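The values are calculated or read from the model by the stated rules, or taken from the named source; none is laboratory data. Owing to the predicted nature of the structure, the values given are computational and were not obtained by experimental measurement. Here the Cβ is made from the backbone with ideal geometry for all residues, glycine too, and neighbour counts use every protein chain on show.
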Amino acid sequence: MKPKLLTAHCSLLTEKKNLLAFSAGVDSSALFFLLLESNIPFDIAIVNYGTRENSDKEEAHAKALAKKHNLVCHTIKAPSFTSHFEANARKFRYAFFDSIIEKHRYDTLLMAHQLNDQLEWLLMRLTKGAGVCELLGLEPLSQRKNYTIIRPLLSHTKEELLGYLNTHGHPYFVDESNRDERYERNYFRQHFADPLISKYKNGIRRSFDYLRQDKRKIQEVFTILFSHKELRVIRLHTPSAKVKAADLVLKKLGYLLSAPQREEIRQKNSLVIGGKWAVEIQEEKLYIAPYRTTDMPKPFKEQCRILKIPAKIRAYLFEAKINPSSVIPNS
């Protein structure tokens, strides 16, 4: 069976400058050839972590594949991570993508996450304690600072993508580290996600559709009033929405909250998360901005005070040259 890119995604991608996060594995290879078949323009980016025997071969394959199809291939070699490999690799990977997208002005980042990945995420979050919004970590479309992440293959299983590649004789690599159960994701994949998908894929597919509908309803409890650079001002329709709003907004800004951090937001109205993000509640409004300690002139501070802009937000306004009066919505 040939997986089909969603029509809505195709229409979005045709007129955009697209970058594919490529690994040479099953998922990204399937998306690579599906994009070619759909005449969607794109370039590729691959991170060489140097942790496996095939790492250099996969990078060479990516370069050759790009050359064959007249695409640009962006590559980078990651440093050696001595601890917390998955978290550090993810941080390095997204920093690499961010830099390429900013430098070369790409509009979208295409990622080849599929149905098995969705279920793995849900199961991992479920064991740590999570609500609907946290359980659905992978969205078909999600907005980051200056580009859109699009995941066209979320409704397809790993087995379907593998069948497509084999049927058409398209090349791909198998990552042997995916069976290493020292990594949490691999443990959940081997013992839970893959067996469930193999038996109940259609029902699981429908469940994710229903969960996304429920998530949209939950998100209606807050409204983004102001968004500029990395500053967000959110109106909370109910006080209990502040954790949900903070979690979703920070996720779009590239920061994932831990369970203790969400609890801290629940209990406090003024705090700094991870030493990086200022989170402030003022009346029914939630303010989120990068935490800064820049010296500010007295007139600027006085203007912020009069406008009732929370203290931890002011330094970022000054540094980013955002007019304080523009931050205060009329409604």
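Structure notes:
- Scanning the stretch 30-63 for residues that are assigned to a helix (DSSP H, G or I) and within 20 Å of ALA78 (Cβ to Cβ) yields a count of 9.
- The stretch 181-224, residues that are loosely packed, with under 14 Cβ neighbours inside 10 Å, free of Cβ contacts under 8 Å to residues at least 60 places away in the same chain and closer than 27 Å to LYS57 by Cα: GLU181, ARG182
Here is a yes/no grid of residues against (1) assigned to a helix (DSSP H, G or I); (2) in contact with a strand residue (DSSP E or B) (Cβ under 8 Å, 6 or more places away or on another chain); (3) within 30 Å of GLN114 (Cβ to Cβ); (4) not assigned by TED's automatic domain parsing to the domain that holds GLY131:
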{"site": "GLY203", "(1), (2), (3), (4)": "yes, no, yes, no"}
{"site": "ILE234", "(1), (2), (3), (4)": "no, yes, no, yes"}
{"site": "LYS244", "(1), (2), (3), (4)": "yes, yes, yes, yes"}
{"site": "ASP247", "(1), (2), (3), (4)": "yes, no, yes, yes"}
{"site": "GLY275", "(1), (2), (3), (4)": "no, no, no, yes"}
{"site": "VAL279", "(1), (2), (3), (4)": "no, yes, no, yes"}
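- When THR14, THR75, THR108, THR51 are screened for being of a type in the set (Val, Ile, Thr), under 27 Å from GLN143 (Cβ atoms) and in contact (Cβ under 8 Å) with a residue 60 or more places away in the chain, only THR108 passes.
- Of everything listed in (1) closer than 25 Å to ILE44 by Cα; (2) surrounded by 17 or more Cβ atoms within 10 Å (Cβ to Cβ); (3) in contact with a helix residue (DSSP H, G or I) (Cβ under 8 Å, 6 or more places away or on another chain), the single unmet condition for ARG151 is (3).
- Selection of helices (runs of 4 or more DSSP H) fully inside the stretch 281-331 by the criterion of at least 2 residues being in contact with a strand residue (DSSP E or B) (Cβ under 7 Å, 6 or more places away or on another chain) returns 311-319.
Okay, residues lined up against (1) farther than 30 Å from ASN88 by Cβ; (2) in the same structural domain as GLU134 (by TED's automatic domain parsing); (3) surrounded by fewer than 20 Cβ atoms within 10 Å (Cβ to Cβ); (4) free of Cβ contacts under 8 Å to residues at least 24 places away in the same chain:
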site: VAL272; (1), (2), (3), (4): no, no, yes, no
site: PRO290; (1), (2), (3), (4): no, no, yes, no
site: THR293; (1), (2), (3), (4): no, no, yes, yes
site: LEU307; (1), (2), (3), (4): yes, no, yes, yes
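- Any hit, the stretch 226-245, residues being at pLDDT below 90, among the β-branched types (Val, Ile, Thr) and out of contact with any Phe, Trp or Tyr (no Cβ under 6 Å at 6 or more places or on another chain): yes
- Meets criteria (closer than 21 Å to VAL221 by Cβ, of a type in the set (Val, Ile, Thr) and within 21 Å of the chain's Cα centre (by Cα)) for ILE288: yes
- Count of residues meeting criterion [more than 13 Å from the chain's Cα centre (by Cα), closer than 23 Å to CYS10 by Cα, assigned to a helix (DSSP H, G or I) and not acidic (Asp, Glu)] in the stretch 74-118: 5
- The residue list SER23, SER29 contains one member that is in contact with a Pro (Cβ under 8 Å, 6 or more places away or on another chain) and either without any contact (Cβ under 8 Å) to a residue 40 or more places away in the chain or within 19 Å of ASN178 (Cα to Cα) (or both), which is SER29.
- Scanning the stretch 120-148 for residues that are surrounded by fewer than 16 Cβ atoms within 10 Å (Cβ to Cβ), under 14 Å from the mean Cα position of the chain (by Cα) and not in a strand (DSSP E or B) yields LYS145, ASN146.
- Residue within the stretch 77-98 that is under 20 Å from PHE33 (Cα atoms), out of contact with any His (no Cβ under 6 Å at 6 or more places or on another chain) and surrounded by 20 or more Cβ atoms within 10 Å (Cβ to Cβ) present: no
- The set of residues in the stretch 252-261 being in contact (Cβ under 8 Å) with a residue 40 or more places away in the chain and either in a helix (DSSP H, G or I) or in contact with a strand residue (DSSP E or B) (Cβ under 9 Å, 6 or more places away or on another chain) (or both) consists of LYS252, LEU253, ALA259.
- Residues within the stretch 156-176 that are over 22 Å from PHE42 (Cα atoms) and either in contact (Cβ under 8 Å) with a residue 12 or more places away in the chain or in a strand (DSSP E or B) (or both), tallied: 9
- Long-range neighbours under 7 Å by Cβ, at least six apart or interchain, first residue under 17 Å from GLN213 (Cβ atoms) within the stretch 131-155, second hydroxyl-bearing (Ser, Thr, Tyr) and not in a loop (DSSP other than H, G, I, E, B): LEU141/THR148
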